[in-house]
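Here the structure comes first, spelled out in structure tokens, and everything after it is commentary.
What follows is calculated from the coordinates using simple rules that are stated; it is not laboratory data. No experiment lies behind these values; they were computed from the predicted model shown. Please note: Cβ atoms are built from the backbone with ideal geometry, for glycine as well, and neighbour counts cover all protein chains shown.
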């Protein structure tokens, strides 16, 4: 497998934790992994972006126009990082409105055969009393879409392993609710 | 087959692993992005493996350098870790120790920040290696960084010379799976052998040491020409060749593969940028029609290449002279050259169209801001509110540089610069008989790092200004490293406390007051008193210690005494709180036409109650 993932959002949305789930899983499956994170000044409320490359890669950065999948936990950041996706890429955005893309951007998505999905992950997580698990709701939802090269079971098992004990149950609940697509 | 233990490590943790796998005995550091996670990584392995490694957060990089260097004098393996601008602070011992040499392996790890992402300059540590005449190694991945630590120690011991390891930010903050190697027990009882001609060399001996250093460099260059660290990949198309090192090499490799050009062109990977193995490079260039040099942040390899007639790089304008060589930039450079060679440039998305469409959306700019509940915000607000726009506000390096947003930061030069700039500003206006209030801010860790001599000097020279030491009990920006004031040590044990208040007093300051900045009104009154003091006849420098722990580091005080706030319906959306206080938890709700509290991120500090002078923000 050669797979390039971008995860974007703002500080505090669990982007590094989400990256860790995919990294741990890929490593377990015997792949090499390399990626890059935002630290320091950029983390103080600014945009956060995480690059993850699974398979045969040397550099930790993904070039714009070449990523396979984009997870964005914030709508504005989705716009800002959409350019990372390749033609035919997959995109999952945390958004209260399902059809939120600006008209011009919609044209870009169509022209480049980018399949864009949105899911109200914040709302779902808040309803579960676990606002900080929104990231897992979005990931759960993404796994219900075919073509995402990870299985529900594998990701679930990884979440169990990497979650701090006191967040394990809520993380799983958010993940499952997302997977079932319950809004 | 035995199972190899592997783990996904941050590049900095990989360097830490390299240090313990090399049997390093003493590690000293001062935190700074992108280097801060290396020492905590060493602490982790030290604890896991029950090692006897001495680890310390020193008060600044010069101190860290010298503590580690002295350990090397005794024959032990030692390392000092810092960010690239930290090496400016440690430049003095670097230059001198290049001459004196070392005994036990001594590695200087200085992390560069092309971009820059979290630094005041894009300076290149490899230039410091040239300047000081010491060898530099440049890893192109976390795995390589781990391996190079050992190579650096071996080189250092072979030639009794400090060796610089220069991981750049894309190595430091990359994550990669790394297999663990055994950790040796390297017996090196401390044994300092007196040799005044070396360790205490006078200028006459320094000349001899300089000649010795030049000989060492020559021999090291010959070693580098044979070294496995430098790799030559052949290619069948010699119309173009590449010389690359560090992250630029990895990015080049991936980009060529994406363009379907893997293996086509010859590539010389240089992991030993100084001293440059001249013959190896000249032979490579001789076999190519043209050669593109990719390196960052500056043109260190390119500069050393003697015959540049075939060389493309920063000097020819082929590669941009500032900013990071991210994949997009590298691709742009390569695509231009491929077009010249009549080669396809691979699949390409029209991102300009997308960029234009996204720009038209006018998304709100998400500039970095102080956290909700940050005590610095309260202190900045009180300062600015009391002293107004006419006062001049020098500040310093840390989270609190973001006081810019509150118009309470006018300068940010370097570590400790707040105190000296305040002092110089006072003298410049005072000379003209002008009364301008100067109010400087500096963090606790920064004050300890480089603020003490400036304060002593300012007192001595009769300067008058207000100095607010923003004491949040921790080095916050770089990831919560303990300060000398807290007394905590790098491995979590308790050491001796060095109290900031005592230091200020010892510098000869007569006005020293400590206050919790959450008490905004009282804090404003204190600032007024400080202003009166710097103006009164027998006045001088007024120091206010603004004391309150960082909310990320220690949220307990707020958890125990939360002040829940709400905004009343009378709020007229004047936006005063949004601009003068800029708390991320205060948000203008366009539909309601008033400010609301974002409950998800509000820290319950209650400070904004005092900020809304119209009384619309009230306890809930």
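Taking 0.36 nm per residue of sequence separation and subtracting the Cα-Cα distance, how much length would be gained by fully extending the chain between residue B:528 and residue B:588, in nm to one decimal?
18.4 nm
Efficiency by 1/(1 + (r/R0)^6): what FRET value for residue B:493 and residue A:168, r their Cβ-Cβ distance, R0 = 45 Å, to the nearest 0.05?
Computed FRET efficiency for residue B:493 and residue A:168 comes out at 0.90.
List B:256, B:370 from most exposed to least, where exposure is judged by having the fewest other Cβ atoms within 10 Å.
Ranked by crowding around the Cβ, least crowded first: B:256, B:370.
Give the peptides B:332-340, B:468-476 in descending order of average Cβ contacts within 10 Å, highest first.
Sorting B:332-340, B:468-476 by mean packing, highest first, produces B:468-476, B:332-340.
How big is the equivalent ellipsoid of chain B along its three axes, where each semi-axis is √(5λ) from the Cα gyration tensor, reported in whole Å from largest to smallest?
46, 32, 24
Output the Kirkwood hydrodynamic radius of segment B:375-557, Cα pairs only, in Å rounded to one decimal.
Over segment B:375-557, the inverse of the mean reciprocal pair distance is 16.2 Å.
Let me understand the protein assembly as shown better: what is its radius of gyration from the alpha carbons, and its Dmax, in angstrom?
Looking at the protein assembly as shown, its Cα Rg and Dmax stand at 27.8, 81 Å.
Calculate the tail of P(r) for segment B:562-619: the fraction of all Cα-Cα distances greater than 20 Å, expressed in %.
Above the 20 Å cut-off, segment B:562-619 has 10 percent of its Cα pairs.
Going by C-beta contacts inside 10 Å, put A:161, B:384 in order with the fewest on the left.
Ranked by crowding around the Cβ, least crowded first: A:161, B:384.
Just grab the label-to-label distance for residue B:92 and residue A:87, each label 7 Å out from Cα along the Cβ direction, in nm (one decimal).
Going from the residue B:92 label point to the residue A:87 one covers 6.1 nm.
Looking at segment B:231-352 only, what percent of DSSP beta bridges run antiparallel? Nearest 5 please.
25
What residues of segment B:218-252 lie in the reach of a label at residue A:2, counting those whose backbone N is under 15 Å from a point 7 Å from the Cα along Cα→Cβ?
B:251-252
Work out the mean other chain Cβ neighbour count within 10 Å for the residues of B:168-175 and drop it here as an integer.
What the average comes to for B:168-175 is 5.
Just to be sure I understand: of the beta bridges DSSP finds with both ends in segment B:6-226, what percent are antiparallel, rounded to 5?
If we restrict to bridges inside segment B:6-226, about 20 percent are antiparallel.
Sorting B:117, B:25, B:430, A:51 on the 10 Å Cβ count, fewest up front, what's the list?
B:430, B:117, B:25, A:51
Averaged over peptide B:351-358, how many Cβ atoms belonging to another chain are found within 10 Å of each residue's Cβ?
6
Per 10 Å bin, what is the whole-percent P(r) computed from every C-alpha pair distance within segment B:6-226?
Going from the shortest bin to the longest, the percentages are 9, 37, 38, 15, 2, 0.
So what's Rg/Rh here for segment A:80-183, counting alpha carbon atoms and using the Kirkwood radius for Rh?
1.01
Largest first, please: the extent of the C-alpha atoms of segment A:3-179 along each principal axis, to the nearest Å.
Projected onto its principal axes, the Cα set of segment A:3-179 covers 43, 38, 37 Å.
How shielded is A:50-61 by partner chains, expressed as the average number of their Cβ atoms within 10 Å of its Cβ atoms?
Mean shielding by partner chains, rounded to a whole number: 6.
Just to be sure I follow: if Rg is taken over the C-alpha atoms of segment B:231-352 and Rh is the Kirkwood radius over the same atoms, what is Rg/Rh?
Using Cα coordinates only, the ratio equals 0.93.
Report, in degrees rounded to the nearest 10, the 0 to 90 angle that the Cα long axis of helix B:142-159 makes with the longest principal axis of chain B.
Roughly 70 degrees, rounded to the nearest 10.
How large is Rg/Rh for segment B:294-438, to two decimals, with Cα atoms and a Kirkwood Rh?
1.17
Between residue B:283 and residue B:206, how high is the FRET efficiency from 1/(1 + (r/R0)^6) when r is the Cβ-Cβ distance and R₀ = 30 Å? Nearest 0.05.
Efficiency, rounded to the nearest 0.05: 0.25.
Just subtract the alpha-carbon distance of residue B:5 and residue B:579 from 0.36 nm times their residue separation and send over the number in nm, one decimal.
Computed gain between residue B:5 and residue B:579 is 201.4 nm.
Separation of segment B:285-323 and segment B:444-465 by C-alpha centroid, Å?
About 44 Å separates the Cα centre of segment B:285-323 from the one of segment B:444-465.
With n ≥ 4 as the cut-off for DSSP H runs, can you work out [θ] at 222 nm for chain B, using -39500 (n - 2.57) per run divided by the number of residues, rounded to the nearest 500?
Rounded to the nearest 500, the figure is -11500 deg cm²/dmol.
For a protection proxy built on the mean count of beta-carbon atoms within 10 angstrom, sort B:28-41, B:314-327, A:97-110, B:96-109 highest first, please.
Ranked by mean Cβ neighbours within 10 Å, highest first: B:28-41, B:96-109, B:314-327, A:97-110.
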